[in-house]
Amino acid sequence: MLENKTIVLGITGGIAAYKAADIASKLTQAGARVDVIMTESATRFIAPLTFRNLTGRPVITSMWELNSEFSVEHIALAEAADIVAIVPATANVIAKIAGGIADDMLTCTVLATLAPVLLAPAMNVNMFENSVTQDNLAKLRARGFAIVEPAYGRLASGKIGLGRLAESEIIISGIRQVLGRSGDLAGKHIVVTAGGTQEPLDPVRHISNRSSGKMGYSVAEAACDRGAIVTLVTAPVSLPEPIGMEIIHVRTANEMKDAVIKATASTDALIMTAAVADYQPKDIAVNKIKKTTDSLILELIKTPDILSEVKGNFLRIGFAAESENVVDNARQKLVKKQLDMIVANDITSTDSGFDVDTNRVTLIDHDGKVENLPLLTKREVADRIMGKLIKLFAR
Ligand code: PMT
């Protein structure tokens with residue numbers, strides 16, 4: 001995704017400017033050509049030399065440097081850019097961009113570029129919450145600028161509030177998603193489910209499984225990176241929220257079913273990666289169940305089978321977590337649930353299935369074609385599923 005892309009990284013004058021060094025380094029390591037433009041104030045927080053060393057590229061700090069390779073054609077970078085990302089974006093630069101002011105190399109580049117522009121605001125909480133800043137951000141959002149929202153936490157002023165620069169991973173994932181807008185799934189809406197549902201027994205206990213959400217989140221990110229509009233319906237997990245997609249949080253199988261029905265009202269594909277509980281307690285105790293007896297018998301009833309019950313004209317991909325007869329059992333589920341494809345997931349080894357970073361799967365499509373994949377990272381598995389999905393769409 002990032003390889004050979006030209007990323008213009010704009011750095012403005014805020015205390016978070018030093019964090020842009022990490023982003024410049026990671027983007028460069030991922031194979032991108034990173035051209036840094038610093039505002040004059042940014043150079044007071046961090047030296048241009050840091051970025052020159054991290055990116056191996058000249059750093060632009062002024063429009064008037066006659067010996068810069070970009071000085072003659074002041075919009076050269078605007079034309080070369082696949083994306084312009086401003087990290088951090090101060091209230092001042094946001095206001096300038098919203099107002100069309102182009103009085104330095106960075107704002108000139110933003111005004112002149114046809115590439116997408118991403119802003120990662122970071123500032124004092126009062127400046128961020130000020131209606132002027134909020135109006136400027138709303139204006140930019142409406143014009144198609146991507147905004148990576150700042151985080152809540154301790155700010156340089158000592159105050160606690162919204163205004164901290166988002167984590168590097170979140171900003172990089174935002175850059176990836178913006179770059180993916182013209183990918184081979186551009187314009188497709190894909191609903192992905194992830195995580196293990198929780199079926200409550202009483203106010204503090206539930207029945208669940210070991211699904212970490214890693215597989216489902218990887219599928220959602222892979223779809224997003226290829227330009228799909230993604231709705232992720234997720235059971236509780238402890239992963240960071242991916243950005244660039246709609247996220248719907250649910251807890252139980254019934255809640256997931258309702259969310260999936262709503263999300264698939266106008267979708268092109270549903271990918272059910274979630275480990276949905278097959279049974280739920282018949283009754284949920286209003287108060288915490290007391291330890292008064294030597295044994296406790298729970299009556300469980302079936303949960304709705306979401307894949308079978310959700311109707312509509314879209315592609316359906318299911319997963320099947322299997323510990324025996326993996327391919328045969330998965331094939332039966334493909335037929336029973338009338339799927340276009342099923343991902344048979346071997347959960348017999350410790351490096352595959354629930355709560356690990358890698359997975360070993362077999363892709364089975366409705367024509368009976370079987371593709372055995374080797375042990376891959378969950379992200380690699382997700383990319384292979386996307387490859388299949390594109391073929392299914394083409395068919
Ligand atoms: O989250 P991770 O830790 O990364 O683990 C990933 C995973 C192992 C959970 C994932 O790769 C996986 O295999 N998910 C499906 C697990 C599962 O519950 O399979 P199943 O055979 O019970 O269900 C078959 C299909 O029907 C699944 O697509 C499931 O989402 C769907 N289903 C199941 C039950 C139900 N009530 N409604 C459903 O729609």
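The values are calculated or read from the model by the stated rules, or taken from the named source; none is laboratory data. These numbers come from a predicted model, not from an experiment. Cβ atoms come from the backbone with ideal geometry, glycine included; neighbour counts cover every protein chain shown. Remember, those area values only see protein heavy atoms, side chains included, never the ligands or the DNA or RNA. Shrake-Rupley method; radii C 1.70, N 1.55, O 1.52, S 1.80 Å.
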Fill in the blank from the handout: Picked from region 47-76 (must be more than 30 Å from the chain's Cα centre (by Cα) and at pLDDT 90 or above), the residue least open to solvent (accessible area, probe 1.4 Å) is Ile60
Problem - Which listed residue, of Val250, Val219, Val192, Val286, is more than 16 Å from the ligand (Cβ to nearest atom) and in the same structural domain as Ile347 (by TED's automatic domain parsing) - result: Val286
Problem - Matching entry among Leu339, Leu389 (being in a loop (DSSP other than H, G, I, E, B) and either touching a Gly at 6+ places or on another chain (Cβ under 7 Å) or open to solvent by less than 40 Å² (accessible area, probe 1.4 Å) (or both)) - result: Leu339
Handout entry: Residue check for Ala47: out of contact with any Asp or Glu (no Cβ under 6 Å at 6 or more places or on another chain) and over 28 Å from Gly183 (Cα atoms)
Key = yes
Completion exercise
Within region 236-284, residues in a strand (DSSP E or B) and open to solvent by less than 60 Å² (accessible area, probe 1.4 Å) come out as Ile247, Ile248, Ala269, Leu270, Ile271, Met272, Ala275, Gln280, Pro281
Problem - Inter-residue pairs, beta-carbon under 7 Å, first at positive phi and in region 187-200, second more than 10 Å from the ligand (Cβ to nearest atom) and open to solvent by 10 Å² or more (accessible area, probe 1.4 Å), 6+ apart - result: Gly195/Pro236
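Mind telling me which of the residues Ser218, Ser182, Ser211 ends up being among the small types (Gly, Ala, Ser), touching a residue at least 24 places away in the same chain (Cβ under 8 Å) and open to solvent by 40 Å² or more (accessible area, probe 1.4 Å)?
Ser182
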Problem - Test: Ala344 is open to solvent by less than 30 Å² (accessible area, probe 1.4 Å), within 12 Å of the ligand (Cβ to nearest atom) and closer than 25 Å to Thr197 by Cα - result: yes
Problem - region 358-370 - residue that is farther than 13 Å from Val326 by Cβ and surrounded by 13 or more Cβ atoms within 10 Å (Cβ to Cβ) and, of those, nearest to the ligand (Cβ to nearest atom) - result: Thr358
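How many residues are open to solvent by 40 Å² or more (accessible area, probe 1.4 Å) and closer than 16 Å to Asn92 by Cα when one looks only at region 31-43?
Final tally of qualifying residues: 3.
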Practice task
Give region 300-321 a look and list any residue that's open to solvent by 30 Å² or more (accessible area, probe 1.4 Å) and either more than 7 Å from the ligand (Cβ to nearest atom) or not in a strand (DSSP E or B) (or both), or say none.
Solution key: Leu300, Ile301, Lys302, Asp305, Ser308, Glu309, Lys311, Gly312, Asn313
Practice task
Might you check whether a residue that is at pLDDT below 95 and surrounded by fewer than 16 Cβ atoms within 10 Å (Cβ to Cβ) occurs anywhere in region 99-108?
Solution key: yes
Practice task
Could you list, in sequence order, all residues of region 1-30 that are open to solvent by less than 40 Å² (accessible area, probe 1.4 Å) and touching a Lys or Arg at 6+ places or on another chain (Cβ under 8 Å)?
Solution key: Leu2, Thr6, Ile7, Gly13, Ala16
Completion exercise
By residue number, the members of region 322-336 that are closer than 18 Å to Ile385 by Cβ and either open to solvent by 50 Å² or more (accessible area, probe 1.4 Å) or more than 14 Å from the ligand (Cβ to nearest atom) (or both) are Arg331, Lys333
